[in-house]
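Engineer: Got a structure here, written out as structure tokens. Questions coming.
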Amino acid sequence: MINVERKPRISIGLVVFNGENYIEPAIDSILKQTFTDFELIIVDNASTDKTQQICKKYEMKDKRVRYYRNRINIGAVANYNRAFSYANGEYFKWAAHDDVLAPEFLSKCANVLDNDPTIVLCHTKTARIDEQGKQHEIYRYKIKTDLPKPHERFGEFVTKRYEDDSWIFIFGLMRSEQLRKTKLQGRFIGSDINLLAEISLLGRIFEIPEVLFYRRSHQEALSNKTSAKQMSYNETIVWWVGQERLSLTWSRVCLEYFKSVNRASLKFSERLLCYVPIFKWLTKIGWILIFDELGTFYLTNSRVGVKIFPFIKQIRNNLTLGAIR
């Protein structure tokens, strides 16, 4: 008789690079979940600290833990995608090495997905914790993720991009089958928001009105480094994609919006309605961001471009009444 190993219901992909300071509380909070039918996949992005030793210890203690280590740092985006490639569960969740879950997180999120097939991703209220684990404010979002129509949900992510911290929904529990229909995260800054926009085309994104997820804020966190301008733009690119390269962020953001709509199984009328917020974003601010980006990367690399780009930019500023300089 063939012994077929049963797959876990939930796969958790924990991504880490040099996480020795906070990874133990993160792993402990996962292993203490009241819902126990899961696998924890840890993907180490070539850490140089004690991360490997810590993770190996957990792998030896708990058979639900699997540890993988990249030979070189492949960048955050590729590491996130690699974690999902190892997943076997019906549901999937990404986890950061410094965040913490309440014991009921998986149980309550899985219950929502089990009982409503129209919901593709479930998250909970999120609170910020500091380096010592002390709770601070609760995150609030302007984006409405639970609207009934795909074009309405998609439009929220497109037109309100970066207005709040709604990117945190990327750490919710989602249906693996639906996630596989997407392109996952692309090799450009902010591709997590593009992925959430694409997921919103596949179903509703629901938030449980209870704080069960704790986002840690500390000096080494990317969000803190970028807001404090401790990382240059090129350093941020390296963090995301693993190498310093030409990164046309806003051009890719726009292109991937269109590709997401084209990939989704939508009625023709619904597809057309999804294009509307993209064009709204383009006419309001997108074309300015793309213009500046193309000018920076291309015009300034030639002698003629260096001379004419300031003049062209001045014309652009006049056209937009100096809205963005």
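Values in this text are rule-based calculations from the coordinates and carry no lab data. Everything numeric in this text was worked out from a predicted model, so none of it was measured. All Cβ positions, even for glycine, are placed from backbone atoms using ideal geometry, and neighbour counts span all protein chains on display.
Engineer: Could you pull out the pairs from 144/181; 7/93; 57/183 whose alpha carbons sit more than 26 Å apart here?
Structural biologist: 57/183
Engineer: For the residues 162, 58, what sequence is obtained by ranking on other C-beta atoms within 10 Å, fewest first?
Structural biologist: 162, 58
Engineer: Can you tell me how much longer the chain between residue 46 and residue 183 gets when fully stretched, taken as 0.36 nm per residue apart minus their C-alpha distance, in nm with one decimal?
Structural biologist: Gain in length upon complete extension: 46.9 nm.
Engineer: In debye, nearest 20: dipole of the range 10-225 around its Cα centre with unit charges on the Cβ of K, R (+) and D, E (-)?
Structural biologist: The dipole magnitude comes to about 520 debye.
Engineer: Moving on to the next point. For a test of the definition: using alpha carbon positions, the gyration tensor, and the 1.5 limit on a/c, classify the range 10-225 as rounded, prolate or oblate.
Structural biologist: Rounded, since a/c falls under 1.5.
Engineer: So, one more: So what is the relative contact order of the range 10-225, in percent, for Cα pairs below 8 Å that sit 6 or more residues apart?
Structural biologist: 25
Engineer: Taking 0.36 nm per intervening residue step and subtracting the Cα-Cα distance, what contour gain separates residue 57 from residue 163 on full extension?
Structural biologist: Gain in length upon complete extension: 34.1 nm.
Engineer: Another question, then. Step through the residues of the range 9-18 one at a time and calculate ³J(HN,Hα) from phi using the Karplus curve (6.51 cos²θ - 1.76 cosθ + 1.60, θ = phi - 60°), rounding each to whole Hz and writing x for Gly and Pro.
Structural biologist: 6, 10, 10, 10, x, 8, 9, 8, 9, 6
Engineer: Treating cross-link reach as a plain straight distance, find the aspartates and glutamates whose alpha-carbon is under 13 Å from the alpha-carbon of residue 32, omitting any fewer than eight places away in the same chain.
Structural biologist: Output for residue 32: 24, 62, 104.
Engineer: Separate question: Cut-off is 10 Å between beta-carbons; in what order do 136, 151, 97 appear when sorted fewest neighbours first?
Structural biologist: In increasing order of surrounding Cβ atoms, one gets 136, 151, 97.
Engineer: Sticking with this structure for a sec: If you split all Cα-Cα distances of the range 109-176 into 5 Å bins from zero, what percentages do you get per bin, shortest first?
Structural biologist: Distribution as computed: 3, 15, 21, 23, 19, 11, 6, 2, 0 percent.
Engineer: Tell me the label-point distance for the pair residue 284, residue 251, using the 7 Å Cα-to-Cβ offset, in nm and rounded to one decimal.
Structural biologist: Rounded to a tenth, the inter-label distance reads 2.4 nm.
Engineer: Please list, or write none, the aspartates and glutamates whose alpha carbon is within less than 17 Å of the alpha carbon of residue 267, excluding same-chain residues fewer than 8 places away.
Structural biologist: 152, 198
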